[in-house]
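Student: For reference, the structure I am asking about is given below.
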Amino acid sequence: PVVGVPEPHESAVGHVTGTALYTDDIAARGDALSAWPVQAPHAHALITGMRFEKALQVPGVVRVLTADDVPGINDAGVKNDEPLFPTEVMYYGHPVCWVLGESQEAARLGAAVVEVDYDPRPSLVTVRDAIEAESFQGPQRLTRRGDADAALASAPHVFEGVTEFSGQEHFYLETMASLAYYDEGGTLYVQAGTQHPSETQEIVAHVLGLSNNEVAVQCIRMGGGFGGKEMQPHGLAAIAAIGTKLTGRPVRLRLNRTQDMTITGKRHGFHVSWSVGFSDEGKILGLKATLTADGGWSLDLSEAVLGRALCHLDNAYWIPDIEALGRISKTNKTSQTAFRGFGGPQGVFVIEDIMGRCAPELGIDPAELRRHNFYVAGQDTPYGQPVRHAERMHEIWDQVLENANFTERSTEIAAFNAAHPHAKRALAVTPIKFGISFNVAAFNQAGALVLVYKDGSVLINHGGTEMGQGLHTKMIQVAATALGVPRSAVRLAPTRTDKVPNTSATAASTGADLNGGAVKNACEQIRDRMAGVAATMLRTSPSDVRFSHGEVTALGQHDSVTFNDVAKEAYLQRVQLSASGYYRTEGLHWDSEAWFGSPFKYFAYGAAATEVEVDGFTGAYRIRRVDIVHDVGDSLSPIIDIGQVEGGFVQGMGWLTLEDLRWDSSDGPGRGRLLTQAASTYKLPSFSEMPEEFNVTLYDRAHEDGVVYGSKAVGEPPLMLAFSAREALRQAAASFGPAGATRELASPATPENVFWALQQAAARGVDMPNDAAT
Ligand code: MTE
Ligand code: LUZ
Ligand code: MOS
């Protein structure tokens, strides 16, 4: 089999040499017009007038697109709450109209002189303000099991707190891009960086008043999506498409970095209030919480994100009695959206924060406290899903402690800390359990189209998109394995809605599970037909034919023919050599009203142990070492999977420790403006923040029944392993003070926030670095 073989990414050479093309590279080769937005300088305002005379006098400006130009429906959201051309500005930077120019520069200059009159309105720019004003959108959801009030009333240890954290900018290297044009037959073609080509197609069609078969969307690859291109490319693609419809010319739309950051949605920040009860032994007895997501100006995917947050509040822990209310605030900000983990990280944040804060109060080592509360076989999640393979969590935990030399190093760290008043180290370990499947049941299906040509070469199409995660590499491996041909015999064609229709977003980490199932299904149809042909060539029965590495053999015989010969013979015998494949995930059920069922096919498990060292004078820190054990089932492609684990961890670490989204909440003229609009003010992880030692181990003998070749999804879960870094920083900061104190740590755990945490710890007693210095 070709699955399981360490293969480099199919575009690795193209990525590093610059020959791999992205949407705007294609656009740049042609004579397309460029679109440029006019962005409103108010968090909330009514638009009372617009004048374009000056813009139209700018050389190279072709026209201005407004609501009057929309042939179909002026809405870009699947919830019908996102006017593409608004009459009411809902956030600072909201595009109110778009200028088309012969060049990007012409369009930019034209946009700068469009005159817009605004009538400013009161705005809400923090989730706290929205809660106070009771500004919510969408339904509220409740996870409930048992009687949380009673559990808290009788618990020997009860703690209360508020946990607040901010969102995260996707900062995919390739910003949003699309290119629209007509083909000779009148099909409107849109090339776009989109994780969800079928939905881009649908939105473009309804904005233009077309049916889906008049629009085709292609995505060759993305320079990162991370959830940011699951929903938000649609409206931008529709702008390009309207421009094409009106001018008859190709139209190119590419946001620059600051436009991308100020127009498109981010990870949801949350405000969470909670109370938790523990037994004397440190078992969680009950939890009550209210989670409020900062939704921004429209719903987008917020309901599903909130749902996943509620379904990951337990992380890996048994919580017998629980009552958790989830709601979505409506604020005057970008519309927050999917981001790797899709609400899961936000739910997990809450329980890991609780563990980290309560462990010292209970006088229990945090690693012990966590382990002590793990699910065991036979227990269900609060929403009713059996935690199958709960024992894996325990095994993975033991393995990561062993790989990390946890006990020995903890002793060394204690000795180091005793000897160093101005520097403290800490080693923390955290688990992850993550549910795999879309929490919207209908999305758990996929299609593929596999073509075998007369010469035996293979071309596959599937509905998933490539955003760097290696899905195409895995699909090539699946097809080669299913057809029994070498990897080199298989090529893959770009994702297009006119090849495979009605696809789901490549999201929820399900890309390989779903599309792999569909590709395998198509290959098996073809292989079964070819087995019939080979049987005539080898004079055996079809059930005795075997395909392997391009050779076709019969059980118990020495004779063989090549796959290529069988393909040619199949053609001559008029046997079909192409097939469309289909897959849907079986066994899911979910009642979204009762908030109960089994929404996930399985859980992915992992654990990470991270060591940090914090400087007592500045709060600056280093990540000294990370050890991870992560469960990907039987890996389809180990290099890809290890890369996903590493990348996910680092992206999570960025969110939790560096990336500090700031919005202007003053009452000045910049109210609601995103202050961190570029890499200069938004600190991403870079080489200097990489763990000095980084060991990733894939959990062994991990076959998962009922998934393609026993594999498990990998894309999102490892992001949440980064909680180990946050917890290590919490512990290191606390080590500057006496044992047993509460350990609060603001988010993100930037050097600044770590500094305040260690000052607070030190203020409780001994060894204050600043005192020592004076
Ligand atoms: N890896 C890279 N390199 N680039 C990405 O944009 N997106 C992540 C993850 N890994 C992403 C990535 C997200 S949010 C998801 S849901 C999955 O990949 C989607 O791909 P998959 O389902 O094929 O794993
Ligand atoms: N559910 C989910 C979703 O779990 N992950 C997703 O990415 C998603 N996207 C759309 C709707 N539901
Ligand atoms: Mo990933 S957030 O499901 O695109």
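Student: Can you compute the FRET efficiency between ASP365 and ASN695 using 1/(1 + (r/R0)^6), with r the Cβ-Cβ distance and R0 = 25 Å? Round to the nearest 0.05.
Tutor: 0.65
Student: Which value in nm describes the separation of the simple spin-label points at SER488 and ARG574, placed 7 Å from the Cα toward the beta carbon?
Tutor: With each label placed 7 Å out from Cα toward Cβ, I get 3.6 nm.
Student: Using only the Cα atoms, work out Rg/Rh for region 360-507, with Rh taken as the Kirkwood radius, to two decimals.
Tutor: On the Cα set of region 360-507, Rg over Rh gives 1.17.
Student: Then there is this: Rounded to the nearest 5, what % of the DSSP beta bridges within region 125-218 are antiparallel ones?
Tutor: 55
Student: Starting from the amide H of CYS97, placed 1.01 Å from N in the peptide plane, find each other amide H under 5 Å away whose residue is 5 or more places distant or on another chain.
Tutor: Sorted by chain and number, the residues that satisfy this are VAL38.
Student: Oh, and also: For LEU142 and ASN256, compute 0.36 nm times the residue count separating them, minus their Cα-Cα distance, and round to one decimal in nm.
Tutor: 37.0 nm
Student: For LYS499, list the aspartates and glutamates whose Cα falls under 20 Å from its own Cα; do not include residues on the same chain fewer than 8 positions away.
Tutor: List returned: ASP183, GLU184, GLU199, GLU202, GLU214, GLU230, GLU466, ASP513, GLU524.
Student: When the Cα centres of region 447-481 and region 364-391 are compared, how far apart do they sit, in Å?
Tutor: Answer, in whole Å: 38.
Student: Which ³J(HN,Hα) values in Hz, rounded to whole numbers, follow from the phi angles of region 720-731 under the Karplus curve 6.51 cos²θ - 1.76 cosθ + 1.60, where θ = phi - 60° and Gly and Pro get x?
Tutor: Computed from phi, the couplings for region 720-731 are 7, 5, 5, 4, 4, 5, 4, 5, 5, 5, 4, 5 Hz.
Student: If you don't mind, there's one more thing I want to ask. Taking 8 Å as the Cα distance limit and 6 or more residues as the minimum spacing, I'd like the relative contact order of region 445-584 as a percentage.
Tutor: 35
Student: I've got another one for you. Say the cut-off is 18 Å between C-alpha atoms; which of LYS266/LYS330; LYS79/LYS601; LYS433/LYS683; LYS520/LYS568 go over it?
Tutor: Violating the 18 Å limit, Cα to Cα: LYS79/LYS601; LYS433/LYS683; LYS520/LYS568.
Student: For labels at SER680 and HIS422 in the simple 7 Å Cα→Cβ model, what's the distance in nm?
Tutor: Distance between label points: 3.3 nm.
Student: If you average the sequence gap of Cα pairs under 8 Å that are 6 or more apart and divide by the length of the chain, what percent do you get for the contact order?
Tutor: Answer for the chain is 15 percent.
Student: Quick one: putting +1 on the C-beta of Lys and Arg, -1 on the C-beta of Asp and Glu, what dipole do you get for region 445-584 around its Cα centre, in Debye to the nearest 20?
Tutor: It works out to roughly 200 debye.
Student: Determine the calculated [θ] at 222 nm for the chain from helices alone, applying -39500 (n - 2.57) to every DSSP H run no shorter than 4 residues and normalising by the residue count; nearest 500 deg cm²/dmol.
Tutor: -9500 deg cm²/dmol
Student: Put a dot 7 Å past each Cα toward the Cβ at ASN213 and VAL5; how far apart are the dots in nm?
Tutor: Computed distance between label sites VAL5 and ASN213 equals 4.1 nm.
Student: Which three numbers, in whole Å and largest first, are the semi-axes of the equivalent ellipsoid of region 194-253 derived from its Cα gyration tensor as √(5λ)?
Tutor: Its equivalent ellipsoid spans semi-axes of 20, 13, 10 Å.
Student: About the Cα centre of the chain, how large is the charge dipole given +1 on each Lys and Arg Cβ and -1 on each Asp and Glu Cβ? Please answer in debye to the nearest 20.
Tutor: 1180
Student: Using the 2.2 N^0.38 Å rule of thumb for compact globular proteins, work out how region 445-584 stacks up: its C-alpha Rg over that value, please.
Tutor: 1.05
Student: Let me see the P(r) profile for the chain: every Cα-Cα distance counted, bins of 20 Å, each bin given as a percent of all pairs.
Tutor: Percent of Cα pairs in each bin: 16, 46, 31, 7, 0.
Student: Using only the alpha carbons of region 568-627, what is the convex hull's orientation-averaged projected area in square nanometres?
Tutor: That works out to 11.9 nm², a quarter of the Cα hull's surface.
Student: Sticking with this one: Could you give the length gained on full extension between SER279 and ARG764, defined as 0.36 nm per residue of separation minus the Cα-Cα distance, in nm?
Tutor: Once the chain is fully extended between SER279 and ARG764, it gains 171.9 nm.
Student: Let me ask you something else. Give the long-range amide H neighbours of ALA426: residues separated by 5 or more places, or on another chain, with amide H under 5 Å away, using H modelled in the peptide plane at 1.01 Å from N.
Tutor: VAL612
Student: Considering only GLY468, VAL561, VAL500, whose Cα is most displaced toward the positive end of the charge dipole of region 445-584, charges sitting on Cβ of Lys, Arg (+1) and Asp, Glu (-1)?
Tutor: With unit charges placed on the Cβ atoms, the residue in question is VAL500.
Student: Please list, in chain and number order, the residues 5+ apart from TYR602 or on another chain whose amide H is under 5 Å from its amide H, with Hs placed from the backbone.
Tutor: HN-HN under 5 Å from TYR602: ILE436.
Student: Count the net charge of all other residues whose Cβ sits under 15 Å from the Cβ of PRO360, scoring Lys and Arg as +1 and Asp and Glu as -1.
Tutor: Around PRO360, the surrounding residues sum to -1.
Student: Let me know the charge dipole size of region 594-753 about its Cα centre in debye, to the nearest 20, where only the beta-carbon of Lys, Arg (+1) and Asp, Glu (-1) is charged.
Tutor: Computed about the Cα centre, the dipole is about 380 debye.
Student: Can you run phi through the Karplus equation (6.51, -1.76, 1.60; θ = phi - 60°) for region 678-694 and list ³J(HN,Hα) in whole Hz, with x for Gly and Pro?
Tutor: Rounded to whole hertz, the list is 7, 5, 5, 10, 10, 7, 9, x, 9, 4, 5, 9, 5, x, 5, 10, 9.
Student: Right, another one. Per-residue HN-Hα couplings for region 619-625, Karplus 6.51 cos²θ - 1.76 cosθ + 1.60 at θ = phi - 60°, whole Hz, x for Gly and Pro?
Tutor: Computed from phi, the couplings for region 619-625 are x, 5, 9, 10, 8, 7, 7 Hz.
Student: Give the residue from SER298, GLN445, CYS219 lying farthest towards the positive end of the charge dipole for the chain; charges sit on Cβ (+1 for Lys and Arg, -1 for Asp and Glu) and the dipole is referred to the Cα centre.
Tutor: CYS219
Student: If R₀ is 56 angstrom, what is the calculated FRET efficiency for the pair ARG546 and ARG29, using the beta carbon separation as r and rounding to 0.05?
Tutor: The formula returns an efficiency of 0.75 here.
Student: Next question. Taking a spot 7 Å from the Cα of LEU246 along the direction of its beta carbon, which residues of region 168-209 have an amide N less than 16 Å from it?
Tutor: Residues passing the 16 Å test: 180-181, 207-209.
Only the coordinates and a few stated rules stand behind these numbers; no lab work does. Computed from a predicted structure; not experimentally measured. For neighbour counting, all protein chains shown are included, and Cβ atoms are generated from backbone atoms with ideal geometry for every residue, glycine included.
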